[in-house]
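Have a look at the structure below, then the notes.
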Amino acid sequence: MAFEAYEPSVVVDDFARKIDSICVWNDTLIAGLSDGSLLFFQEQQQQGSAQSSGRVLSSWQVTRVQKNFGKRGIQQLQALEDQQYLLSLSDDGVQLHSLPELQLVSTASRTARGATAFAWDDARQLLVTAVRKKVISHQLDSSHTFLEMTEYELPEPVSCLTWVGTNILLGTPKSYWLITPAASQAMEVLPGQVVLMYPAVQPQLLFAAGSGHAPVMARLASGERGVRMHLRVKACSQLTL
């Protein structure tokens, strides 16, 4: 008998609009749509409706619709752990909004045009963003303002990226790369405000990604990072947990 690590359940099927991104915030599923809207889903248990296995059936309902959150599609979403904030990537760049109010708090500089993906390090409050052939890092300070720190150059556009400990793993159309940031240096950017700066280093080529498929990186359940190669992710009209 095959082992089932988890049992998927459909949240939304045959949805009328295209879903570009999703994230989980507490008990809420947030979906970013291609028209720039946000949808908030919450699970509603159906009382007295149990299957033979003893599991209670549930359904997901839209509890909130936020129109015009972005000018166009919402490419990426991430709710910050243990914080009431939402990171998003759209034509407006990488932005930080408060939750649940969705008030704009800060925008990462130089991410409004050409940004394709971001990765967040919650422990160090560090953001890295892929912008064409560059990777730009920002630190979120105590006032929740993004401070630009370092810029890294790549020979081709960056498709995806993630943190691997203190290193940055990148995927481009043809290759995978690793950036090992140099030792941090304390720098006073404003009177009494000190941030850690990381000098730019040369990215290291790891191996070829092949051809015909865009690289994708996924965080493993253990908290480590992993790479799924040759997997193409397309916008969908179905959400599955």
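The values are calculated or read from the model by the stated rules, or taken from the named source; none is laboratory data. Given the structure is predicted, the values throughout are model-derived calculations rather than measurements. Please note: Cβ atoms are built from the backbone with ideal geometry, for glycine as well, and neighbour counts cover all protein chains shown. Only protein heavy atoms, including side chains, enter the accessible area calculation; ligands, DNA and RNA are left aside. Shrake-Rupley method; radii C 1.70, N 1.55, O 1.52, S 1.80 Å.
Residues to consider are A112, A130, A117, A108; find the one that is touching a strand residue (DSSP E or B) at 6+ places or on another chain (Cβ under 8 Å), within 19 Å of R72 (Cα to Cα) and open to solvent by 20 Å² or more (accessible area, probe 1.4 Å).
On the way: A130 fails: open to solvent by 20 Å² or more (accessible area, probe 1.4 Å); A117 fails: open to solvent by 20 Å² or more (accessible area, probe 1.4 Å); A108 fails: open to solvent by 20 Å² or more (accessible area, probe 1.4 Å).
Only one candidate qualifies: A112.
If you go through the stretch 183-203 and keep only what is more than 26 Å from A214 (Cα to Cα) and modelled with pLDDT of 75 or more, you end up with just P191.
Regarding the stretch 156-164, can at least one residue be identified that is assigned to a loop (DSSP other than H, G, I, E, B), in contact (Cβ under 8 Å) with a residue 24 or more places away in the chain and surrounded by 21 or more Cβ atoms within 10 Å (Cβ to Cβ)? Even if it seems obvious, please write down each step before you answer.
Taking the stretch 156-164 first, the residues assigned to a loop (DSSP other than H, G, I, E, B) are 156-159.
Those still in the list that are in contact (Cβ under 8 Å) with a residue 24 or more places away in the chain too: 157-159.
In the following step, the residues that additionally are surrounded by 21 or more Cβ atoms within 10 Å (Cβ to Cβ) were identified as 158.
Yes, the stretch 156-164 contains at least one residue that is assigned to a loop (DSSP other than H, G, I, E, B), in contact (Cβ under 8 Å) with a residue 24 or more places away in the chain and surrounded by 21 or more Cβ atoms within 10 Å (Cβ to Cβ).
Within the stretch 133-155, the set of residues being over 25 Å from S98 (Cβ atoms) and surrounded by 21 or more Cβ atoms within 10 Å (Cβ to Cβ) comprises V135, Y152. For beta carbons closer than 7 Å, sequence separation of 6+ or different chains, a first residue in the stretch 8-36 that is at positive phi and a second that is of a type in the set (V, I, T), the qualifying pairs are G36/I74. Within the option set L169, L80, L86, being modelled with pLDDT under 95, of a type in the set (A, V, I, L, M) and surrounded by 19 or more Cβ atoms within 10 Å (Cβ to Cβ) holds for one residue only, L169.
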